[in-house]
Structures are given as C-alpha cells and as structure tokens.
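Data first, discussion second: the structure below is written as structure tokens.
Just so you know, all these numbers are worked out from the coordinates, no wet-lab data involved. It should be emphasised that the depicted structure is a prediction, and the values quoted were computed from it without experimental measurement. Here the Cβ positions follow ideal geometry from the backbone for every residue, glycine too, while neighbour counts run over all protein chains shown.
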Amino acid sequence: MRIAYVSDAIYPYNKGGKEKRLHELTTRLAVMGHDVHVYCMKWWDGPEKSRVENGVTLHAISPLYPLYSGERRSIKEGILFGLAGFKLIKEDWDVIDVDHMPFFPLYSVWLVCVLKRKKMFASWHEVWGRQYWVEYMGASGNIAALIERVAVLLPNRIFAISNHTSTLLDEKLHRKKGVSIVMCGIDYHQINAIAPANVKSDIIYAGRLLKHKNVDLLLHAVHSIKQQHASISCTIIGNGPEQDNLKQIAKELSLEDSVTFINFVPKHDDLYAYIKASKVFAFPSEREGFGIVVLEANAANVPVVAIDAEANASKTLILPDVTGSVAQKNPEDFAKHIEYWLRADKKDIAQHVKQYDWQDIAEEMEKALQLT
C-alpha cells in the first residue's frame, strides 16, 4: 500500500510521544514493504522539499513554524500548517492518516479527501473537552472546543492511541462509532540491552518542559525529600517554555546541588541509559494521551510515580505497587510515593511491559489500515 501520514512535527527533530509513535510505526511499515510518505513541516536543513529517512519519504508541505508561542501551542502554526494540507490535492495514496493535533489539518485534508473521493483516517492522542480548553486559553477556549468537537466528526475512522483516549472520545466528544484502538509501544529488547549511564541519580524526569507536565511539583517534592535525605539527587531531561521558570524555582528552593538539568540527549539510547542509572522515574504530568515514557522506564526496570488526573492516561499503564504508583497532585503525596520506591524492591518490573512491542503494534496498524 501507499500509506500517507500528515503530521506537523516529526521525530527525531521534535522528540515528543506522538512523534516517536509516528516514527516507530512508519519505519516498520516501510520495512514490511509499504510505500510510506509523511507530509510535515520542513524540519531539515538544505533546499530539498522531500527526502528519505529510514525508508520513509518525508515531504515538506510548509516551512518550519514554531510549535509554541510562549507557554502554549501556537495557533498561527496550526492554521498555517492546516492551510498547507490543501497541497495534498496533487498527491496520491491508498490510505491517509492525519494526526489530530493541531486540528486544522483535519479540515483541509478532509476537504481534499472529499474532492478525491477517498476516506480519511486520524490518529487521536488525547481529548481535551470544553472545560480544559477554557482553562488553557480563557474565553477563546470555547472556540477551540468547538473546533475539536467538529473535527472529531470528520475522519471515517479514528485510531485512538489508548483505551483512555477511546473512552474520552465517547464521553466528551460523543464519538463512539468508527473508533479503533492502536496503542503505543516500546522497543523492549533495545532498552533491555542498554547499559546504565555513568551518571547516577535517585530520581529522573524526561520529557518536554511544559506547564501541564507539572515539573514544578516534582521540584517541590524533591525539596520536601531533601529535608530528611540531604544527598537526594534528581535529573531533569528535556527543554521547553517552562525551562527558565523551573531553573528559577530550583534556585529559590536551594536545589542547585540536588537537581541537574540536561537540555538535550542526542539519541534515545542515551535517554534509556540515564533512566537505567536512576532509581525512580517521576512523571507528574496531568495530561497524557498515553505516556510512552512510562513503559520505557518500566522496561528499564525503573518504577514510575505518576499523578491522579482525569486527562492523564499514563496512570492506567501502571500496575499499582508492582511497576509504580499513582499519587495525588500535591508535592507531599508525590514525595511520599517517591520515597517508598526509593526503598522498595524493584526486581522484575520489566517483565510486565513485554507485551508493548512496536513490531506487534505496527502489524496491528497494518491490519487496521487494510480493513478500513
């Protein structure tokens, strides 16, 4: 099959969960013999508008626009990339899957598909709903909620990345028909083969530094733990609009000797090595459509402490008291759970995530695309 994907951001240029998922699926589908194309922004240097990476053909249908404006996703980027979706009228494919974020491409590609008399599918990572949109954007969130509500009606079929997302599609957006679940995964054997990094840490966080990730909560939890354990160490890997603010909080809490910020790791293997050299993976995010890094940490035999929030699907990946635990959204309870896992026996955590293998999930995606 000639399979087309539409996504503004791609891995490894932008290292988020949705980008990693797209990369793992497309590269495997290419190895399985399919002609795979990804239509995206121009993340690479040089004059070429198209290039092949890992067997997948990347097409730049727009310039590279900043994904964020301050602390929030850029509306301008979403609109401009959405308009670029009309360029697909000149392209051809057997099946097309559009990333639901930032919504606007769903509208343009849907119209292209109507004109070409083709079906459109969409990968859906998370559901916000009106209440969260208003919290995120203020009064203008009502407009964003309407855009989300209409967008969910456009795909012929939706591939939800988790049971949690599938449930919220039904409960918040009333889309139940035509929804399949194609989950995220990990490369279990690759992670298992990685040696721990030389730099060890008690606690580690890895991910984008965004407001909803609540890394400030982690810093306050570390400050609480430090009152009893002066030598506590924490590594925070990632970048984002909250980075300067978080460094300032660490300074105000006198955590300069306890917390290390690492802006970037060049390869995923390096990230796995850092995780393996740590005792607990702290993941205080309140909004996750899945949370691949939870499984990656468990595959590295490291327990995860997440928080209990309605929009946080990552909490559903944790086997309580086996692969980690779920804390309340406050520094005191988060610290208590971290302290428990610093002391607890951590044997055989990895065996519980063996079933989340990317190759199996790519084969599921292949079947889903062929059957729809």
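When the Cα positions of Ser231, Ser108, Gln243 are compared along the charge dipole of the chain, Ser108 comes out farthest toward the positive end, with charges on each C-beta of Lys, Arg, Asp and Glu. Per-residue ellipticity at 222 nm computed for the chain from its helices equals -11500 deg cm²/dmol, with DSSP H segments shorter than 4 residues left out and the rest contributing -39,500 (n - 2.57).
Taking the Cα centre of the stretch 177-280 as origin and assigning +1 to Lys and Arg Cβ atoms and -1 to Asp and Glu Cβ atoms, the resulting dipole is close to 280 debye. Dipole magnitude for the chain: about 860 debye, using +1 per Lys or Arg Cβ and -1 per Asp or Glu Cβ, origin at the Cα centre. In a reduced charge model with +1 at each Lys and Arg Cβ and -1 at each Asp and Glu Cβ, the stretch 261-322 shows a dipole moment near 180 debye about its Cα centre. Comparing Ile96, Tyr65, Ser50 along the charge dipole axis of the stretch 1-138, the residue lying farthest to the positive side is Ile96, per the Cβ-charge model.
Taking the DSSP bridge list for the chain and keeping only pairs wholly inside it, about 10 percent are antiparallel. In this calculation the C-beta distance from Ala193 to Ile79 is compared with R0 = 41 Å, giving a FRET efficiency of 0.40. Using only Cα atoms, tell me the angle between helix 75-84 and the longest principal axis of the chain; keep it within 0 to 90° and round to the nearest 10. In the chain, helix 75-84 runs at an angle near 30 degrees to the longest axis.
First select every other residue whose beta carbon is under 11 angstrom from the beta carbon of Arg51; then total the charges, Lys and Arg +1, Asp and Glu -1.
-1
In the chain, the longest principal axis of the Cα atoms and the axis of helix 215-226 are about 10 degrees apart.
Given an 8 Å cut-off on Cα distances and at least 6 residues of separation, report the relative contact order of the chain as a percent.
That works out to 14 percent.
Taking Lys and Arg as +1 and Asp and Glu as -1, the other residues whose beta-carbon sits under 10 Å from that of Cys40 total -2. Net charge in the neighbourhood of Ser325 (other residues with Cβ under 15 Å of its Cβ; Lys, Arg +1, Asp, Glu -1) is 0. Per the Debye formula with a single identical scatterer at each Cα and no solvent contribution, what log10 I(q)/I(0) holds for the stretch 28-109 at q = 0.11, 0.21, 0.24 Å⁻¹? Treating every Cα as an identical point scatterer, log10 I(q)/I(0) equals -0.32, -1.07, -1.25. The listed peptides 253-260, 98-105, ordered by packing as a protection proxy, come out as 98-105, 253-260 (highest mean of other Cβ atoms within 10 Å first). Between the Cα long axis of helix 358-371 and the first principal axis of the chain there is an angle of about 30°, rounded to the nearest 10.
Counting other Cβ atoms within 10 Å of each Cβ, which trypsin sites (Lys or Arg not before Pro) in the stretch 255-294 have at most 15 and sit in a DSSP loop? The qualifying sites are Lys267. How many angstrom lie between the C-alpha centres of the stretch 152-194 and the stretch 301-328? Answer, in whole Å: 18.
Using a Gaussian network model on the chain with a 10 Å cutoff between Cα atoms, which of Ala195, Ala277, Ala250 fluctuates the most? Evaluated over the chain, the most mobile residue of the options is Ala195. Using C-alpha pairs under 8 Å with a sequence gap of at least 6, the mean separation divided by the residue count of the stretch 188-353 gives a relative contact order of 26 percent.
Gain on full extension, evaluated as 0.36 nm per residue between Lys251 and Leu153 minus their Cα-Cα distance, stands at 30.6 nm.
Once you order the gyration tensor axes a ≥ b ≥ c over the Cα atoms, which shape class does the stretch 188-353 get: rounded for a/c under 1.5, otherwise prolate or oblate by comparing a/b with b/c?
Since a/c stays below 1.5, the shape of the stretch 188-353 is classed as rounded.
Between Asp35 and Arg51, the simple spin-label model (points 7 angstrom out along Cα→Cβ) gives 2.3 nm.
In percent, how large is the relative contact order of the stretch 1-133, given Cα pairs closer than 8 Å and 6 or more residues apart? Relative contact order, the stretch 1-133: 24 percent.
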